[in-house]
Amino acid sequence: MSRNDIIRTKGMVKRYLLGGQEPKIKIGEDIRAIPQELLIKDETQVLALRGVDILIRNGEYVAIMGPSGSGKSTMLSILGCLDRPTSGEYFLGGENVATMTDDELSEIRGRRIGFIFQSYNLISQLTVIENIQVPLFYQGKDLSETWDRCVELADLVGLADRQEHRPNQLSGGQQQRVAIARSLANDPLMILADEPTGNLDSSTGQEILDLIDRLNADGKTILLVTHDNAVAKRAHRVIHMKDGLIDREVNNRQPTTAS
Amino acid sequence: MNRLTSLSSGTANRLFSVVRLGIKSLLLHKLRSGLTMLGIIFGVCSVIVMLAIGEGASFEAQESIKKLGSENIIIRSLKPPEESQDSGGNRSFELVYGLTYDDGARIQTTVPGVRYVLPMRILRENVRFDQFQVPCQIIGTTPIYPFIAGADVVRGRFLCTIDDRHQQNICAITVGLARRLFPYQDPLTKAVKVNGVYYRVVGLIREKNSADQRSQAGDMEGEPLDNNVYIPLNTSRSRMGELITKRLSSGYGMEAERVELHQITVQMQDTEFVEVAESQIKALLDRFHDKNDYEVIVPLQLLRQAERTKRIFNIVLGSIAAISLLVGGIGIMNIMLATVTERTREIGVRRALGARKRDITTQFLVETIVLSIGGGIIGILVGITVPFLITHLTEMQTIITFWSVLLAFGISGAVGIAFGIYPASTAAELDPIEALRHE
Ligand SMILES: Nc1ncnc2c1ncn2[C@@H]1O[C@H](COP(=O)(O)OP(=O)(O)OP(=O)(O)O)[C@@H](O)[C@H]1O
Ligand SMILES: [Mg+2]
């Protein structure tokens, strides 16, 4: 494994058991071979991921596409250390996440991953700067020392004049900018975004995507889930998923960049 | 060393930020937080107020008992109840009852551990000087009275043995009476007139026990001890006689009673003799009294009983207050559970951004504790004010003890922790992904 690899997974499976019953189909080596029709009939379990191998290098910009229910969000949750795979391997920056404890997962999320959500997910009782500070707080940083950095980040996403505002005083686009600044606070290994423009109109969405392009140009690794081909065109590489498997990968030779 | 101090100041800073965050979150719903606090405020307030009232009441009771003297046994003459019924229609009936001189002598000689026996005859008469006239208690007693009843000789002297032996017409009077009878003269050079007999004033006495009321001549009401005339017991016997006649309250005829002594106070050498002596005295008196014409009061027992009563009182009040705190705590828990549900998504976000389970627990626990201790502080402030108002408005004595405030504060903190842990751990155990998906 090269030091340049940020994410490497092998045979990653995620199974949701339903109703607490013993699953009919056991997870084995040949899970990819089980036909989808058989899985759909199985009312005891959902196999959201059926053995996914992914390799993502430092500085890459990768988009994940696929029909609804194909396992995109499930995969992003596991890659973001919010969940552990049922089986298979997942190495993040050389560390095996599949065997980590809950506290270790929390720590690695706070230290190495930046999240951008479709619905912004800012904390309503905190101001813009305080929201950007949250990941630093959980890293045990003294908040008075990190203030300047957070102001810089607010400046970077174009909210220098909104520092003391609360989320409900901001537009959707502005809230998403705060979320982007927040995802950068810990200087993470990579940024995970699940449909970051899904709640925004197209021109505001463009602005957000331009901002993300800029982060990538500055060297941040980006992993982004989208349904929109225009969004995916900005990425270096597009991973298409289907029924919990990687269907195909397409390299973009000429990604459209921010104008 | 340097790193250690910076580490601990960092922890303090962190705790401070968590507390500030808690206050911020609570201020987001001011009405809700206020109403939730109200339960704790009432609880804490009632703990302090009830304990203050209880403490005040028992203090009053104990003080008045202590004044009677814990090594004393007090025996009082009682008008036997059956006889007083049918004597109403009988005009010339002479009722004989009560303690006798012999009773006093027998107690002195037979009961072990007795230091003093103080006999008292208490009659009610008008006392005159010049144009002034004051209704008084004429107390015939012996020279040891001041030591046992705890009275001070302010000027002059009290009665002495020679006065008693020679049945001198002398008296000591209380300071209050002196002020009423002798507004202009020096009382020590004058004599007061009771029933046509003059008694020379030899001393001024201040009773420590002036609020206490003493029964006399079968009359349970009694005057305040402030208007007292003390004369030698033998003088009282020879000048006033044993027979007391008074007009019946119904207005027909006279009622006559023959009472030798109205009260005998027995002072023991030590409190440890009191309980044995009590039963010996009762046995002794029973042998010579076929009527139920006396009562025995043991201040020590009253004191113990008052202490027992106080303990029970405190337990009852404490339980009531504890129940109200419990209700307050349940209110807090209820609101915190609702808050956790309402803020599920915030919890998910925090978890995604690196919060460990225990960070979430701390956050919600601190919020609950801020709520309950905030309520506790307000409750203490109100609880300290209310007893003052009660004392001011009702003249009921209240005592706020430091430990009751401490207890109330401690309980409010404990309530916060006890009822905060469950909601906080519920919050921490939420699955981050499901929490993030929560609407
Ligand atoms: N907690 C869960 N319990 C049971 N099944 C689940 C759970 N979470 C996801 N699934 C199932 O796993 C599959 C993949 O879900 P996922 O959310 O990853 O889809 P997706 O690709 O993100 O779809 P969309 O584009 O609509 O967001 C779906 O069939 C879904 O029903
Ligand atoms: Mg999804």
Review point. Out of all the residues in region A:172-190, is one or more open to solvent by 10 Å² or more (accessible area, probe 1.4 Å), of a type outside the set (D, E, K, R), more than 29 Å from A:GLY66 (Cβ to Cβ) and more than 10 Å from chain B (Cβ to nearest Cβ)?
Key: yes
Check your understanding: under 19 Å from B:VAL19 (Cα atoms) and either open to solvent by less than 10 Å² (accessible area, probe 1.4 Å) or touching a Leu at 6+ places or on another chain (Cβ under 9 Å) (or both) - does that describe any residue in region A:108-123?
Key -> yes
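Rundown of residues vs (1) open to solvent by less than 80 Å² (accessible area, probe 1.4 Å); (2) touching a helix residue (DSSP H, G or I) at 6+ places or on another chain (Cβ under 8 Å); (3) more than 14 Å from chain A (Cβ to nearest Cβ), yes/no style:
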site	(1), (2), (3)
B:LEU284	yes, yes, yes
B:ASN314	yes, yes, yes
B:ILE323	no, no, yes
B:ILE347	yes, yes, no
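Being in a loop (DSSP other than H, G, I, E, B) and either within 14 Å of chain B (Cβ to nearest Cβ) or buried (at least 18 other Cβ atoms within 10 Å of the Cβ) (or both) is the filter here, so list the residues in region A:67-95 that pass it.
Across region A:67-95, the qualifying residues are A:SER70, A:GLY71, A:GLY80, A:CYS81, A:LEU82, A:ASP83, A:ARG84, A:PRO85, A:THR86.
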Study note, to complete from the structure: Every listed condition ((1) open to solvent by 40 Å² or more (accessible area, probe 1.4 Å); (2) closer than 20 Å to B:ALA427 by Cβ; (3) away from chain A (no Cβ under 11 Å)) holds for B:ARG358 save (3)
**Study point:** Single condition A:ALA63 does not satisfy, out of (1) more than 14 Å from chain B (Cβ to nearest Cβ); (2) buried (at least 22 other Cβ atoms within 10 Å of the Cβ); (3) within 11 Å of ligand 1 (Cβ to nearest atom)
**Key:** (3)
Review point. Restricted to region A:188-240, and to residues that are part of a loop (DSSP other than H, G, I, E, B) and farther than 21 Å from A:SER77 by Cα, which residue is nearest to ligand 1 (Cβ to nearest atom)?
Key: A:LEU200
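To keep it simple, each residue is scored yes or no on (1) at pLDDT below 90; (2) in contact with an Asp or Glu (Cβ under 9 Å, 6 or more places away or on another chain).
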residue	(1), (2)
B:ASP86	yes, no
B:SER92	yes, no
B:GLU125	yes, no
B:PHE132	yes, no
B:ILE139	no, no
B:LEU181	yes, yes
Revision key, fill the gap. Exactly one of A:ALA63, A:ALA98 is within 13 Å of A:LYS10 (Cβ to Cβ) and either part of a helix (DSSP H, G or I) or within 16 Å of ligand 2 (Cβ to nearest atom) (or both), and that residue is A:ALA98
Check your understanding: Of all residues in region B:390-434, how many are within 14 Å of chain A (Cβ to nearest Cβ) and either open to solvent by 50 Å² or more (accessible area, probe 1.4 Å) or not in a helix (DSSP H, G or I) (or both)?
Key -> 4
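Can you tell me which residues in region A:101-140 are part of a loop (DSSP other than H, G, I, E, B) and either hydrophobic (A, V, I, L, M, F, W, C) or at the interface with chain B (Cβ under 9 Å from one of its Cβ atoms) (or both)? Please lay out each step first, then the result.
So in region A:101-140, the residues part of a loop (DSSP other than H, G, I, E, B) come out as A:101, A:117-127, A:139-140.
Within region A:101-140, A:PHE117, A:SER119, A:ASN121, A:LEU122, A:ILE123, A:SER124, A:GLN125, A:LEU126, A:GLN139, A:GLY140 qualify.
The values are calculated or read from the model by the stated rules, or taken from the named source; none is laboratory data. Note that the structure is a prediction, hence the values are computed from the model and not measured. Virtual Cβ from ideal backbone geometry, glycine too; neighbours counted across all protein chains shown. Protein only, heavy atoms only, side chains kept; ligands, DNA and RNA dropped before computing areas. Shrake-Rupley method; radii C 1.70, N 1.55, O 1.52, S 1.80 Å.
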